[in-house]
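Undergrad: My structure is below; once you've seen it, I'll send some questions.
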Amino acid sequence: MKLAVLVSGRGSNLQALIDACKADDFPAEIVLVLSNKADAYGLERAKEAGIPTAVLSHKDFEDRESFDEAMSEKITEAGAELVCLAGFMRLLSDGFVRQWRDRLINIHPSLLPAFKGLHVHERTIEEGARFSGCTVHFVRPAMDEGPIIIQAVVPVHPDDEPNDLAARILEQEHVVYPLAVKYIAEGRVRVSAERVLIEDHELPGGALSNPAN
Ligand code: GRF
């Protein structure tokens, strides 16, 4: 399956996807890395891996719709079948989301539907949540909403600063994002009544508590 990955910054999730795609038996390849920021480090990672890149600055467009249309064109031209948002810091127009419906996924550093939006880790710690994690989901017009494909859970530690929690979660992001792509590329993922069904996957055993004893 051909992927387009959209980034605005550091691109560590992009790197996880690049690394996953290197395995011979991984059923996907990245055909385009697109950024709205010319200085996004993700673009360097793509170049290093020999992946075509494109930069479209939203500042060069009159409105969100025309920017998104230009993105869609680039993605289509590249032959991408699945669009992966990986730290892409722009809201998408309804038209774009509709056009790529069920072919557009995002990763968010919380256990959605909790803690949508920005400053996730600050808010998680402030609320005293004992667990957080990350979510890969299909994108719908409302921000950080849409059918959930996979989640990973991490504990929140009593002395966590937002950065500590972010780093603990990021490590899991790099595991679950490629896994979600793999499931989709293998044709095992279906959206039914806005819930995701995945063929043949293992259920985790047991339960977690925090504190653990
Ligand atoms: C990640 O935490 C991701 O969950 C969020 O933005 C961050 C992007 O990080 N959507 P990176 O650019 O992939 O390193």
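No value in this document is a laboratory result; all are computed from the given coordinates. A quick note: this is a predicted structure, and the numbers were derived from the prediction, not measured. Here Cβ is always computed from backbone atoms with ideal geometry, including for glycine, and neighbour counts include all displayed protein chains.
Undergrad: Let me check I have the definition right: for segment 13-113, take the eigenvalues of the Cα gyration tensor, multiply each by 5, take square roots. What are those semi-axes in whole Å, largest first?
TA: Rounded to whole Å, the semi-axes are 22, 17, 14.
Undergrad: If you don't mind, another one. With +1 assigned to the C-beta of every Lys and Arg and -1 to the C-beta of every Asp and Glu, and no other charges, what is the dipole magnitude of segment 1-50 about the Cα centre in debye, to the nearest 20?
TA: So the magnitude is around 200 debye.
Undergrad: Subtracting the Cα-Cα distance from 0.36 nm times the residue separation, let me have the gained length for Arg101 to Glu73 in nm, one decimal.
TA: Difference between extended and current length: 8.5 nm.
Undergrad: For segment 2-46, report the % of Cα-Cα distances exceeding 12 Å.
TA: For segment 2-46, the fraction of Cα-Cα distances above 12 Å is 54 percent.
Undergrad: Quick query: amide H of Leu34 versus all other amide H atoms, modeled in the peptide plane; which residues come in under 5 Å with a sequence gap of 5 or more or a different chain?
TA: Answer set, sorted by chain and number: Val5, Leu6, Val7, Ala54.
Undergrad: Taking +1 at the Cβ of each Lys and Arg and -1 at the Cβ of each Asp and Glu, which of Gln151, Asn163, Ala193 sits farthest along the dipole of segment 127-193 towards its positive end, judged by Cα position relative to the Cα centre?
TA: Ala193
Undergrad: Would you calculate a helix-derived [θ] at 222 nm for the chain, using -39,500 (n - 2.57) for each DSSP H run of n ≥ 4 and dividing by the full residue count, to the nearest 500?
TA: So the calculated ellipticity at 222 nm is -10000 deg cm²/dmol.
Undergrad: Related question: Roughly how many nanometres apart are two label points built 7 Å out from the Cα toward the Cβ at Val191 and Leu118?
TA: In this crude spin-label approximation the distance works out to 2.6 nm.
Undergrad: Suppose every K and R has +1 on its Cβ and every D and E has -1 on its Cβ; what is the size of the dipole of the chain about the Cα centre, in Debye to the nearest 20?
TA: Value, rounded to 20: 220 debye.
Undergrad: Apply the a/c threshold of 1.5 to the C-alpha gyration tensor of segment 52-209 and tell me whether it is rounded, prolate or oblate.
TA: It comes out oblate by the Cα gyration axes.
Undergrad: Could you check which residue among Glu161, Glu62, Glu173 shows the biggest mean-square fluctuation in a GNM of the chain with a 10 Å Cα cutoff?
TA: Judging by the Gaussian network model, the answer is Glu62.
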